[in-house]
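The values are calculated or read from the model by the stated rules, or taken from the named source; none is laboratory data. Computed from a predicted structure; not experimentally measured. Cβ coordinates were reconstructed from backbone atoms using ideal geometry, including for glycine residues, and neighbour counts include every protein chain displayed. Side chains are part of the model used for accessible areas, which takes the heavy atoms of the whole protein and leaves out ligands, DNA and RNA. Shrake-Rupley method; radii C 1.70, N 1.55, O 1.52, S 1.80 Å.
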Amino acid sequence: EAGVAQSPRYKIIEKRQSVAFWCNPISGHATLYWYQQILGQGPKLLIQFQNNGVVDDSQLPKDRFSAERLKGVDSTLKIQPAKLEDSAVYLCASSPGLKLFFGSGTQLSVL
Amino acid sequence: RKEVEQDPGPFNVPEGATVAFNCTYSNSASQSFFWYRQDCRKEPKLLMSVYSSGNEDGRFTAQLNRASQYISLLIRDSKLSDSATYLCVVGLIGGSQGNLIFGKGTKLSVKP
């Protein structure tokens, strides 16, 4: 069974630039999550989708972060403009219920 | 008080040792509990769910104490391959479809 696919694997940008991450969840999983994991910390939820509707985006910095999930399948997460403190691994996860299946993540470095 | 708290470690143990991790949570309405394992530079993977009656999976035993609001993970006969960070995850069942909160993780290093 194919897992959660994410791209790119790594991204290096300068502060104030824009960046976008892509996620393709496991087929049939209605729930999709984006997490931010800063080095040495646990994953922090940014946004949760149920099909193509937003369930929880309370911790998403909406002045610079945006996310969409068109047609209830693939999702993109965008940061515009990036700040130094956005350096982290961005993990996408999908779920058929409560158990999460994570992608390999995108490691973002903001210089 | 943080929502999910774990001792960050590291726990350095010899092969064959028994090691236990605890995790406390602040929301008494929490309904679902998990342990995830995260290897260095890898994504988290589900290790096991934690059930009210406690549950065992091979060398791993998880327990839940609702009254004291903590969960534990016991690893017996530690292997080198058990070296990883163990993340405690607590969730609510309800409108947020789970609303899973991760702890910062406890790092385990098993030495030969």
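A few comments on the model shown:
- The Cβ shell under 13 Å around B:Glu15 holds other residues with a net charge of +2, Lys and Arg each +1, Asp and Glu each -1.
- Surface composition of the protein assembly as shown: carbon and sulfur make up 49 percent of the accessible area, probe 1.4 Å.
- Chains B and A together bury roughly 1600 Å² of accessible surface, counting both sides and using a 1.4 Å probe on protein heavy atoms.
- For B:Met48, the residues whose modelled amide H falls within less than 5 Å of its own, excluding neighbours fewer than 5 places apart on the same chain, are B:Trp35.
- Greater than 19 Å apart at Cα, pairs in A:Lys15/A:Lys78; A:Lys11/B:Lys104; B:Lys79/B:Lys111: A:Lys11/B:Lys104
- Residue by residue, region B:100-107 carries 3J(HN,Hα) couplings of 6, 10, 9, x, 6, x, 10, 8 Hz when phi is fed to the Karplus relation 6.51 cos²θ - 1.76 cosθ + 1.60 (θ = phi - 60°); x denotes Gly or Pro.
- The residue among A:Ser109, B:Tyr70, A:Pro8 whose Cα reaches farthest toward the positive pole of the charge dipole of the protein assembly as shown, with charges on the beta-carbon of Lys, Arg, Asp and Glu, is A:Ser109.
- Note on A:27-39: average number of Cβ atoms from other chains within 10 Å of each residue's Cβ is 1.
- The mean number of partner chain beta-carbon atoms within 10 angstrom of a residue's beta-carbon across peptide A:43-51 is 3.
- Where the alpha-carbon atoms of the protein assembly as shown are placed on the principal axes, they occupy 48, 39, 38 Å, in descending order.
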